[in-house]
1. Give the residue that is nearest to residue 166 (Cα to Cα), with candidates limited to residues of the stretch 39-67 that are loosely packed, with under 12 Cβ neighbours inside 10 Å and in contact (Cβ under 8 Å) with a residue 24 or more places away in the chain.
2. Only one residue in 283, 300, 346 is in contact with a His (Cβ under 6 Å, 6 or more places away or on another chain) and either at pLDDT 90 or above or closer than 19 Å to residue 180 by Cα (or both), so which one is that?
3. What about residue 91, is it more than 30 Å from residue 115 (Cα to Cα) and of a type in the set (Val, Ile, Thr)?
4. Considering only residues that are under 20 Å from residue 248 (Cα atoms) and touching a residue at least 12 places away in the same chain (Cβ under 8 Å), look in the stretch 183-201 and name the one that is surrounded by the fewest Cβ atoms within 10 Å (Cβ to Cβ).
5. Which ones in the stretch 213-246 are of a type in the set (Ser, Thr, Tyr), in a helix (DSSP H, G or I) and touching a helix residue (DSSP H, G or I) at 6+ places or on another chain (Cβ under 8 Å)?
6. Within the stretch 295-331, how many residues turn out to be farther than 18 Å from residue 348 by Cβ and in a strand (DSSP E or B)?
7. Does residue 342 count as in contact with a strand residue (DSSP E or B) (Cβ under 9 Å, 6 or more places away or on another chain) and either of a type in the set (Lys, Arg) or not in a strand (DSSP E or B) (or both)?
8. List the residue pairs whose Cβ atoms are under 6 Å apart, where the first residue sits in the stretch 326-348 and is without any contact (Cβ under 8 Å) to a residue 24 or more places away in the chain and surrounded by 13 or more Cβ atoms within 10 Å (Cβ to Cβ), the second is among the hydroxyl-bearing types (Ser, Thr, Tyr) and not in a strand (DSSP E or B), and the two are 6 or more positions apart or on different chains.
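The values are calculated or read from the model by the stated rules, or taken from the named source; none is laboratory data. Remember, it's a predicted structure, so these values are computed and weren't measured experimentally. Positions of Cβ are generated from backbone atoms using ideal geometry, with glycine treated the same way; all protein chains shown enter the neighbour counts.
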Amino acid sequence: MPEYAQYNVSEWAEFSKRHFDDSKVGSHTAVIPTESVPNNLTGLSEDEIKLYGLVARSLIKIIYPKAEFDDTTAMIAVDKHTFKATGKCITNQGWYAVDGKPEAKELPPLSEGQELQGEYKITEGETEPPKRYTEAELLAAMELAGQKLEDEEARTLMKLQKRGLGTDATRGPILKSLFDKEYLAKKGKSIYPTELGMYLIKCLPVKELKSAAYTGELEKQLNNIALGKCSYDKYIAFIKQKTAEWFKVIAESEDSKFTSSTEQQLICPFCGKPLIKLDWGYSCTGYKDGCKFHVNKKISGKSITENQVIMLCKSGRTAIIKGFTAKSGSTFDAYLAVDKEKQEVSFQFPERRKK
């Protein structure tokens, strides 16, 4: 293909475990281009071209020679203290020629005994708390969650098999589920626990369900089943027993009767019963007694926030909300208000100023 003709791929070596090692992948084999090579890329979308190029170049890189570089370390004496400076110089690009080489930080030419000019100062400061996870960092932390386990066998197993929290195939969906259930939220690229998420962790009485160590123990037992050292039926019976025990503890816990501060504010303005949060919105728990009050999460193309629903329940009206979309396609601004006669949510429009 003309897009890859610039690369030296004329001599393909036989693939070995250095290139693909299925024994180290638990969920699926490597993703590689097939022999069905497209005649050109013009029929693909921009994203498809980028994705195909990423996979194709990764395959080309693995048959290129190794990149080579020189490391330089200089020890510099300042009074009674010794400082270390390091640099890197790439001497042979190797596979970097396919995907671009990283920026090399080279030291300037130095000779032994050479005197250098420098400026030094002492500053005072405070250590900063760890930065919040981004999505990519949290997925990596899930993969390595077992590295701090006290049980050496469980720690080694989770490290060697990369079995932290979830698997390569399930970590993404697990994280998405936490966002969908509103246990986590994003501010920019950083991930924050929501009030609901912190409430759940605080009140969940079963410590094993919150323990990476217990996850490691279960993974160890699963590995023993794979090795024929443990009975599958006994393991399933054990899990059923533990699930029944956990359910009983949660059901009898005093914390299970509490509600979060957010839930305490989601009270039906008509019958006074709590609202329940569903996929489509909020519904009064008194519906069996005839109360029909509900609030959709999306109204006229506009997403309604939980704070707006709380204000609607407490005050009978939200603040002005901008950006509703009419059936004609035009946009408008309005309040959401409780219609006491119809027992439903309706629009309330701001008064127009007279000219």
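1. So the residue we want is 66.
2. 283
3. So residue 91 fails the test.
4. Of everything passing the filter in the stretch 183-201, 200 is surrounded by the fewest Cβ atoms within 10 Å (Cβ to Cβ).
5. Within the stretch 213-246, 214, 215, 232, 235 qualify.
6. Residues meeting the conditions: 2.
7. Considered against the rule, which asks whether it is in contact with a strand residue (DSSP E or B) (Cβ under 9 Å, 6 or more places away or on another chain) and either of a type in the set (Lys, Arg) or not in a strand (DSSP E or B) (or both), residue 342 comes out as no.
8. 335/318
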